[in-house]
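Colleague: Can you read through this structure? Questions will come right after.
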Amino acid sequence: MKLALIGYGRMGQAIARLAAERGHIVVATVNGQDQREGRTLTMDRLAGADVVLEFTRPEAAVGNLLALARLGARVVTGTTGWSDALPAVCHAFEASDGALLHSANFSPGVQLFLRVAEDLARRFAGRPEFAAYVTDFHHAAKRDAPSGTALLLRERLRQGDAAREFPISSTRAGFAAGTHEVVYDTAFETIRLTHEVRSRDVFAAGALNAAEWLQGRTGVFTLDQMLFGEDA
């Protein structure tokens, strides 16, 4: 499979390394910081890539994705912080011959974690003696706070228990790839549900799995659909 990488930071470099190990070829890399509303993204620049992986910054992602939709590209994006523009981006891909798979987190474990968290929230519904909240810890260089995963986690928790707010506490420090935790707390006991990333490679591997799955498809998809079925 021929791949183009939009953004060549830590995630882009991890994807390129794992892609080579799997026998894929990176035919183009584009520095995401150089993009201005996706103006330099052309068919020639993408060099015939089967799938484009977009991991940049929130301020660049929307322009990149709209440009890629106009080109009819198949795109996997893990950039977060632009969810307000998601309907417009999805509409652009639905109106094209391309495909988009978007996710705030490409870890399979996180997708299972979200499902378990929703079930846990449902079981704690109607028990006001337990205070409930979310913690979100990432390395100092992460730009968005709360993280896209933390926001998605809160959304899933509210699906299980709409009566709670589930406030999020975010910390940006050090070098950790990411830890998310759901806490139910009383004066005498605490219950914690935690997902901790030990290596950024889990995200790179998940993004490559998504790229392999996206070949031959058109439309808009989520990682949840890829892992658990089209109707997930």
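Colleague: Just to be sure I understand: of the beta bridges DSSP finds with both ends in region 103-210, what percent are antiparallel, rounded to 5?
Modeller: 75
Colleague: For the chain, what's the relative contact order in percent, using C-alpha pairs closer than 8 Å and at least 6 residues apart?
Modeller: Once divided by the residue count of the chain, the mean separation gives 21 percent.
Colleague: Then there is this: What Kirkwood hydrodynamic radius, in Å, does the chain give when the mean of 1/r is taken over all pairs of distinct Cα atoms and then inverted?
Modeller: 18.4
Colleague: Based solely on its DSSP helices, what 222 nm [θ] is calculated for the chain when runs of n ≥ 4 H residues each add -39,500 (n - 2.57) and the sum is averaged over all residues, nearest 500 deg cm²/dmol?
Modeller: When only DSSP H runs of four or more count, the value is -11500 deg cm²/dmol.
Colleague: Using every Cα-Cα pair within region 99-153, state what percent have a distance larger than 18 Å.
Modeller: Counting pairs separated by more than 18 Å, the tail of P(r) holds 46 percent.
Colleague: Share of region 131-232's accessible area from carbon and sulfur, percent, 1.4 Å?
Modeller: Roughly 49 percent of what the probe reaches on region 131-232 is carbon or sulfur.
Colleague: Once you treat every alpha carbon in region 78-172 as an equal point and sum by Debye, what is log10 I(q)/I(0) at q = 0.12, 0.13, 0.18, 0.24 Å⁻¹?
Modeller: Cα-only, vacuum Debye calculation for region 78-172: -0.47, -0.55, -0.92, -1.24.
Colleague: Please identify the GluC sites (Glu not before Pro) of region 170-232 that satisfy two criteria: DSSP loop assignment and at most 14 other Cβ atoms within 10 Å. Which are they?
Modeller: GLU189, GLU230
Colleague: Kirkwood Rh and Cα-based Rg: tell me the resulting Rg over Rh for region 17-137, rounded to two decimals.
Modeller: Using only Cα positions, Rg/Rh for region 17-137 is 1.09.
Colleague: Just tell me, in residue order, which DSSP H segments of the chain are both 15 angstrom or longer along the helix axis (alpha-carbon based) and at least -0.5 in mean Kyte-Doolittle hydropathy.
Modeller: 10-21, 58-70, 108-124, 148-160, 201-214
Colleague: Which Rg and Dmax, in Å, describe the Cα atoms of region 95-232?
Modeller: Taking only Cα atoms of region 95-232, I get Rg and Dmax of 16.4, 57 Å.
Colleague: Still on this structure, please answer the following. Please report the relative contact order for region 168-232, taking Cα pairs under 8 Å with a sequence separation of at least 6, and give it as a percent rounded to a whole number.
Modeller: So the answer I get is 21 percent.
Colleague: Per residue, what accessible area does the chain have, given a 1.4 Å probe and all protein chains present, in Å²?
Modeller: Dividing the accessible area of the chain by its residue count gives 48 Å².
Colleague: Right, another one. Quick one: if the Förster radius is 22 Å, what FRET efficiency do ALA145 and ARG217 give, using the C-beta to C-beta distance and rounding to 0.05?
Modeller: Computed FRET efficiency for ALA145 and ARG217 comes out at 0.10.
Colleague: How many angstrom lie between the C-alpha centres of region 5-25 and region 135-169?
Modeller: About 28 Å separates the Cα centre of region 5-25 from the one of region 135-169.
Colleague: What is the Rg over Rh value, at two decimals, for region 1-87, using alpha-carbon atoms and the Kirkwood definition of Rh?
Modeller: Rg/Rh: 0.94.
Colleague: I want the antiparallel fraction of DSSP beta bridges within the chain, as a percent rounded to 5.
Modeller: 35
Colleague: Just flag the GluC sites (Glu not before Pro) in region 50-145 sitting in loop per DSSP whose Cβ has no more than 12 other Cβ atoms within 10 Å.
Modeller: Those satisfying the criteria are GLU129.
The values are calculated or read from the model by the stated rules, or taken from the named source; none is laboratory data. On a predicted model such as this, the values are computed, not experimentally measured, just so you know. Cβ: placed from backbone, ideal geometry, glycine included. Neighbour counts: every protein chain shown. These accessible areas exclude ligands, DNA and RNA; they are computed on the full protein's heavy atoms, side chains included. Shrake-Rupley method; radii C 1.70, N 1.55, O 1.52, S 1.80 Å.
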